[in-house]
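Trainee: Dropping the structure in here first, questions after.
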């Protein structure tokens, strides 16, 4: 009669394999290691964004298309980036960007296209 393994015993035998595969297939990049190896460390900026929808029109269920008129706004720290100039619409196009408004309040940059 073949030897039967309980699920707990099988799990106990497989945990080293699972742990090893995590370290092999998920490379962990520590910024300190990058600095020691001479690689450039890139700081990520956080940008908050929102949309105010004015109107949805030209809806076509047949063609899976619609047009929308909206205002987009951004809030971010730092002067190294400007999301108003670099944002894009995925799977769509921007017909116009008008009346761009920017301001700096208490260290935060605010930008929108009202």
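Trainee: If you take the square roots of the eigenvalues of the alpha-carbon gyration tensor of segment 47-112 and sort them as a ≥ b ≥ c, do you get rounded (a/c under 1.5), prolate (a/b over b/c) or oblate?
Mentor: prolate
Trainee: Quickly rank 89-96, 44-51, 100-107 as a protection proxy: mean count of other C-beta atoms within 10 Å, highest first. Walk me through the numbers on the way to the answer.
Mentor: Numbers: 89-96: 7.1, 44-51: 10.8, 100-107: 9.1.
Ranked from most to least packed, the peptides come out as 44-51, 100-107, 89-96.
Trainee: Please work out how much length the chain gains when fully extended from residue 52 to residue 64, using 0.36 nm per residue of separation minus the C-alpha to C-alpha distance, in nm with one decimal.
Mentor: So the chain would gain 2.1 nm between residue 52 and residue 64.
Rule-based calculations on the coordinates, nothing more; no lab input. Being a predicted model, the structure only gives us computed values, none of them experimental. Neighbour counts run over all protein chains shown; Cβ positions are idealised from the backbone, glycine included.
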